[in-house]
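The values are calculated or read from the model by the stated rules, or taken from the named source; none is laboratory data. Source: prediction; values computed, not measured. Here the Cβ is made from the backbone with ideal geometry for all residues, glycine too, and neighbour counts use every protein chain on show.
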Amino acid sequence: MSRRRQAFTSAARNQRGVALFVSLIFLLLLTIMGVSGMKSAALQEKMAGNTRYKTISFQHAEAGLREGENVIAASNASGGLASCAVCNGNGCRTPDFKEASEDKGNNVCDSWRRSTDGNSLFYIQKLGSSSAAINMNPGESVTLYRVTSVATISNTTTALESIYAQK
(Lines give C-alpha, C1' and ligand atoms only; values in the text may rest on other atoms or scores of the structure.)
Protein backbone atom coordinates (compact mmCIF):
# COMPACT_ATOMS: atom_id res chain seq x y z
CA MET A 1 0.00 0.00 0.00
CA SER A 2 1.28 3.38 -0.83
CA ARG A 3 2.10 5.83 1.88
CA ARG A 4 -0.47 8.28 0.68
CA ARG A 5 -3.24 5.72 0.73
CA GLN A 6 -2.25 4.57 4.20
CA ALA A 7 -2.44 8.13 5.57
CA PHE A 8 -5.92 8.60 4.07
CA THR A 9 -7.20 5.32 5.54
CA SER A 10 -5.93 6.13 9.04
CA ALA A 11 -7.41 9.65 8.88
CA ALA A 12 -10.81 8.23 7.84
CA ARG A 13 -10.67 5.73 10.71
CA ASN A 14 -10.09 8.57 13.21
CA GLN A 15 -13.09 10.63 11.93
CA ARG A 16 -15.66 7.82 11.73
CA GLY A 17 -18.03 9.16 14.49
CA VAL A 18 -17.64 12.89 13.83
CA ALA A 19 -20.07 12.94 10.86
CA LEU A 20 -22.74 11.19 12.97
CA PHE A 21 -22.22 13.62 15.84
CA VAL A 22 -22.49 16.68 13.58
CA SER A 23 -25.63 15.24 11.92
CA LEU A 24 -27.28 14.69 15.32
CA ILE A 25 -26.49 18.26 16.40
CA PHE A 26 -28.09 19.65 13.21
CA LEU A 27 -31.12 17.41 13.71
CA LEU A 28 -31.47 18.65 17.28
CA LEU A 29 -31.29 22.29 16.12
CA LEU A 30 -33.93 21.69 13.43
CA THR A 31 -36.22 20.01 15.99
CA ILE A 32 -35.89 22.94 18.40
CA MET A 33 -36.69 25.42 15.60
CA GLY A 34 -39.72 23.34 14.54
CA VAL A 35 -41.13 23.12 18.08
CA SER A 36 -40.58 26.86 18.57
CA GLY A 37 -42.38 27.60 15.30
CA MET A 38 -45.34 25.43 16.31
CA LYS A 39 -45.64 27.17 19.70
CA SER A 40 -45.54 30.57 18.00
CA ALA A 41 -48.25 29.54 15.51
CA ALA A 42 -50.47 28.20 18.31
CA LEU A 43 -50.06 31.45 20.28
CA GLN A 44 -50.94 33.56 17.23
CA GLU A 45 -54.04 31.46 16.60
CA LYS A 46 -55.15 31.93 20.22
CA MET A 47 -54.61 35.70 19.97
CA ALA A 48 -56.62 35.85 16.75
CA GLY A 49 -59.47 33.96 18.41
CA ASN A 50 -59.48 36.32 21.40
CA THR A 51 -59.50 39.32 19.07
CA ARG A 52 -62.50 37.82 17.27
CA TYR A 53 -64.38 37.35 20.57
CA LYS A 54 -63.53 40.92 21.58
CA THR A 55 -64.86 42.28 18.28
CA ILE A 56 -68.09 40.28 18.46
CA SER A 57 -68.62 41.27 22.09
CA PHE A 58 -68.12 44.93 21.19
CA GLN A 59 -70.63 44.70 18.32
CA HIS A 60 -73.26 43.09 20.55
CA ALA A 61 -72.73 45.69 23.29
CA GLU A 62 -73.01 48.49 20.75
CA ALA A 63 -76.25 47.01 19.38
CA GLY A 64 -77.62 46.91 22.95
CA LEU A 65 -76.57 50.52 23.47
CA ARG A 66 -78.40 51.60 20.32
CA GLU A 67 -81.49 49.66 21.37
CA GLY A 68 -81.50 51.41 24.76
CA GLU A 69 -81.21 54.77 23.00
CA ASN A 70 -84.09 53.77 20.70
CA VAL A 71 -86.23 52.96 23.75
CA ILE A 72 -85.64 56.51 24.99
CA ALA A 73 -86.26 58.05 21.57
CA ALA A 74 -89.51 56.10 21.12
CA SER A 75 -90.85 57.10 24.54
CA ASN A 76 -92.50 60.44 25.03
CA ALA A 77 -92.62 62.34 28.30
CA SER A 78 -95.95 60.76 29.28
CA GLY A 79 -94.82 57.25 28.31
CA GLY A 80 -92.64 54.79 30.17
CA LEU A 81 -89.93 57.32 30.90
CA ALA A 82 -92.28 59.52 32.95
CA SER A 83 -92.12 57.00 35.78
CA CYS A 84 -88.32 57.10 35.88
CA ALA A 85 -86.90 58.74 38.97
CA VAL A 86 -83.95 61.09 38.67
CA CYS A 87 -80.90 59.45 40.18
CA ASN A 88 -78.97 61.16 42.96
CA GLY A 89 -75.84 60.45 44.97
CA ASN A 90 -74.60 56.87 44.64
CA GLY A 91 -77.64 56.07 42.52
CA CYS A 92 -76.00 57.99 39.68
CA ARG A 93 -73.00 55.68 39.55
CA THR A 94 -72.52 53.46 36.55
CA PRO A 95 -74.46 50.26 37.23
CA ASP A 96 -72.45 47.17 38.20
CA PHE A 97 -72.32 45.16 34.99
CA LYS A 98 -70.20 42.30 36.37
CA GLU A 99 -73.23 40.55 37.82
CA ALA A 100 -75.79 41.93 35.33
CA SER A 101 -78.83 39.77 34.71
CA GLU A 102 -82.18 40.52 33.16
CA ASP A 103 -84.79 41.98 35.49
CA LYS A 104 -88.23 40.49 34.90
CA GLY A 105 -90.19 43.67 35.72
CA ASN A 106 -91.61 46.20 33.28
CA ASN A 107 -89.42 49.07 34.47
CA VAL A 108 -87.90 51.14 31.70
CA CYS A 109 -85.30 52.72 33.97
CA ASP A 110 -83.02 51.35 36.66
CA SER A 111 -83.23 47.72 35.57
CA TRP A 112 -81.27 45.47 33.24
CA ARG A 113 -83.22 44.67 30.08
CA ARG A 114 -82.26 42.11 27.45
CA SER A 115 -81.91 43.36 23.89
CA THR A 116 -84.28 41.93 21.31
CA ASP A 117 -81.49 39.90 19.67
CA GLY A 118 -80.72 38.38 23.10
CA ASN A 119 -76.98 39.07 22.91
CA SER A 120 -76.67 41.98 25.33
CA LEU A 121 -78.22 43.71 28.32
CA PHE A 122 -78.84 47.45 28.69
CA TYR A 123 -79.63 49.71 31.64
CA ILE A 124 -81.21 53.18 31.45
CA GLN A 125 -80.71 55.82 34.17
CA LYS A 126 -82.40 59.22 34.26
CA LEU A 127 -79.72 61.78 35.12
CA GLY A 128 -81.96 64.86 35.19
CA SER A 129 -82.44 68.02 33.14
CA SER A 130 -79.87 70.32 31.61
CA SER A 131 -79.92 73.48 29.54
CA ALA A 132 -76.26 73.15 28.55
CA ALA A 133 -76.18 69.86 26.65
CA ILE A 134 -73.76 69.46 23.76
CA ASN A 135 -75.19 69.78 20.23
CA MET A 136 -78.37 71.47 21.51
CA ASN A 137 -79.48 75.05 21.07
CA PRO A 138 -78.21 77.30 23.87
CA GLY A 139 -80.72 77.47 26.69
CA GLU A 140 -82.78 74.55 25.34
CA SER A 141 -83.76 72.27 28.21
CA VAL A 142 -83.31 68.52 27.71
CA THR A 143 -83.57 65.45 29.89
CA LEU A 144 -80.36 63.42 30.11
CA TYR A 145 -80.29 59.62 30.30
CA ARG A 146 -77.33 57.28 30.69
CA VAL A 147 -77.52 54.04 28.74
CA THR A 148 -75.13 51.27 29.77
CA SER A 149 -74.86 48.12 27.67
CA VAL A 150 -72.92 44.93 28.35
CA ALA A 151 -72.27 41.83 26.26
CA THR A 152 -70.26 38.69 27.03
CA ILE A 153 -68.90 36.32 24.40
CA SER A 154 -66.77 33.40 25.61
CA ASN A 155 -64.36 34.93 28.15
CA THR A 156 -64.68 38.50 26.82
CA THR A 157 -67.01 41.09 28.34
CA THR A 158 -67.54 44.53 26.81
CA ALA A 159 -69.38 47.38 28.54
CA LEU A 160 -70.32 50.58 26.74
CA GLU A 161 -72.03 53.73 27.93
CA SER A 162 -73.65 56.75 26.31
CA ILE A 163 -75.47 59.87 27.46
CA TYR A 164 -78.69 60.53 25.54
CA ALA A 165 -80.42 63.92 25.54
CA GLN A 166 -84.17 63.93 24.96
CA LYS A 167 -86.11 67.13 24.21
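How many residues does the range 117-142 hold that are at pLDDT below 90 and either of a type in the set (Val, Ile, Thr) or in contact with a strand residue (DSSP E or B) (Cβ under 7 Å, 6 or more places away or on another chain) (or both)?
Looking only at that region, the number is 8.
Return the pair list, or none, for Cβ contacts closer than 7 Å from residues in the range 24-49 that are loosely packed, with under 10 Cβ neighbours inside 10 Å to residues that are not in a helix (DSSP H, G or I), at least 6 apart or on different chains.
Here the result reads none, with nothing in the range 24-49 linked to a residue that is not in a helix (DSSP H, G or I).
Could you run through the range 63-98 and say how many residues are at pLDDT 80 or above, in a loop (DSSP other than H, G, I, E, B) and of a type outside the set (Gly, Ala, Ser)?
9
Can you name every residue in the range 104-124 that is of a type outside the set (Val, Ile, Thr), within 24 Å of the chain's Cα centre (by Cα) and surrounded by 14 or more Cβ atoms within 10 Å (Cβ to Cβ)?
Matches in the range 104-124: Ser111, Trp112, Arg113, Arg114, Ser115, Asn119, Ser120, Leu121, Phe122, Tyr123.
Restricting to the range 100-131, give me the number of residues that are touching a Lys or Arg at 6+ places or on another chain (Cβ under 7 Å) and in a strand (DSSP E or B).
4
Please specify each residue of the range 72-95 satisfying the condition of being surrounded by 11 or more Cβ atoms within 10 Å (Cβ to Cβ), free of Cβ contacts under 8 Å to residues at least 60 places away in the same chain and within 25 Å of the chain's Cα centre (by Cα).
Pro95
Checking Ser154 against (1) among the hydroxyl-bearing types (Ser, Thr, Tyr); (2) at pLDDT below 90; (3) at negative phi, which test does it fail?
Of (1) among the hydroxyl-bearing types (Ser, Thr, Tyr); (2) at pLDDT below 90; (3) at negative phi, only one is false for Ser154: (3).
For the range 36-61, name all the residues that are of a type outside the set (S, T, N, Q) and within 12 Å of Thr152 (Cα to Cα).
Tyr53, Lys54, Ile56, Phe58, His60, Ala61
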